[in-house]
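One structure below.
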Amino acid sequence: MLTQISPNVYILPFDSHRDRPNLGYIHGEKYSVLVDAGNSEAHLTAMLVAIEEAGLPAPKIALITHWHWDHTFGMHAFPGTTMTHIKTNEILNTITEWEWAPKAMAKRLETGEECEFCDTHMQIEYDNVNDIKVVTADIEFSGDLTLNLGRVTVEVTPVTNPHSDDGAIVFIPEDKVLFAGDADTGDFYKLDGGYDADKFYSYIKTVDKVPYETYIHGHLAPMTRLEVSKLRKEIEEEEL
Ligand SMILES: [Zn+2]
């Protein structure tokens, strides 16, 4: 079921067991936008059904925050236009070549191409890993982007962050809500969940300038600015 965050913003809350992130929905007068496409067709479908059950119009665009499987593997099943940063699309393009079979997946774990946490959760989400389908987005952007949904706008800003080599934050100024992808989290692919301090502080500097009141991380409950600053302190004390 959808949770309403603000007048125009909703989420389908995250599910840690299946590593399903929060999916966002921004309701505009002219058209509506999804934030991230989910970790599978089943996850995306759960979101689309929840939107319909809430009596809201189907989203026309799915905006992708970063390339990780849990945010992108539902893209192929989205019945609209997908959109992401050029770097995200480049990485997705590489992954479209990957074979999804137990042997090939085990090999990628050995070489370090895949992260263990991701592999474990893919096995939980998918009864059959052969069902995994990876596609690139229909539209790619290389700088800041503003979408006018009618009565509500969406500002997309690519950011350097400690979580992945790509990544964009999504801000809805009318509602003061910010979708951060997983940008606060460490890098599970390169640093085993650890943090690059320079990228962490660069990210904070950028995101702190955004006048948000509600902060939505991919795998945590929505936070106030005060709760975000507490999280930052914890990360600084424990990880840096
Ligand atoms: Zn991620």
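The values are calculated or read from the model by the stated rules, or taken from the named source; none is laboratory data. Every value quoted in this text rests on a predicted model; they were computed, and no experiment measured them. Cβ placement follows ideal geometry from the backbone for every residue including glycine, while neighbour counts extend to all protein chains displayed. Protein only, heavy atoms only, side chains kept; ligands, DNA and RNA dropped before computing areas. Shrake-Rupley method; radii C 1.70, N 1.55, O 1.52, S 1.80 Å.
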Quiz item: Within the bounds of segment 132-148, is there any residue that is farther than 21 Å from Met83 by Cβ and either open to solvent by 30 Å² or more (accessible area, probe 1.4 Å) or without any contact (Cβ under 8 Å) to a residue 12 or more places away in the chain (or both)?
Solution: no
Quiz item: Out of all the residues in segment 111-119, is one or more more than 16 Å from the ligand (Cβ to nearest atom) and surrounded by fewer than 15 Cβ atoms within 10 Å (Cβ to Cβ)?
Solution: yes
Exercise. Check Gly181, Gly193, Gly167 and return the single one that is closer than 16 Å to Asp70 by Cβ and at pLDDT below 95.
Key: Gly193
Quiz item: Listed residues Val129, Val152; which is among the hydrophobic types (A, V, I, L, M, F, W, C), in contact (Cβ under 8 Å) with a residue 60 or more places away in the chain and away from the ligand (no atom under 15 Å from the Cβ)?
Solution: Val152
Self-check item: Residue list for segment 16-50, filter: more than 15 Å from the ligand (Cβ to nearest atom), farther than 25 Å from Arg151 by Cα and open to solvent by 10 Å² or more (accessible area, probe 1.4 Å)
Solution: His17, Glu41, Ala42, Thr45, Ala46
Practice problem: List the strands (runs of 3 or more DSSP E) that sit entirely inside segment 3-110 and contain at least 3 residues that are under 20 Å from Gly167 (Cα atoms). | Solution: 23-26, 33-35, 61-63, 81-85
Quiz item: Does Ile204 fit the bill of being in contact (Cβ under 8 Å) with a residue 60 or more places away in the chain and either within 20 Å of the chain's Cα centre (by Cα) or under 13 Å from Ala183 (Cα atoms) (or both)?
Solution: no
Quiz item: Which one is nearest to the ligand (Cβ to nearest atom) among residues in segment 51-100 that are among the small types (Gly, Ala, Ser) and open to solvent by 10 Å² or more (accessible area, probe 1.4 Å)?
Solution: Ala77
Quiz item: Just a yes or no: is a residue in segment 111-125 assigned to a helix (DSSP H, G or I), over 21 Å from the mean Cα position of the chain (by Cα) and not basic (Lys, Arg)?
Solution: yes
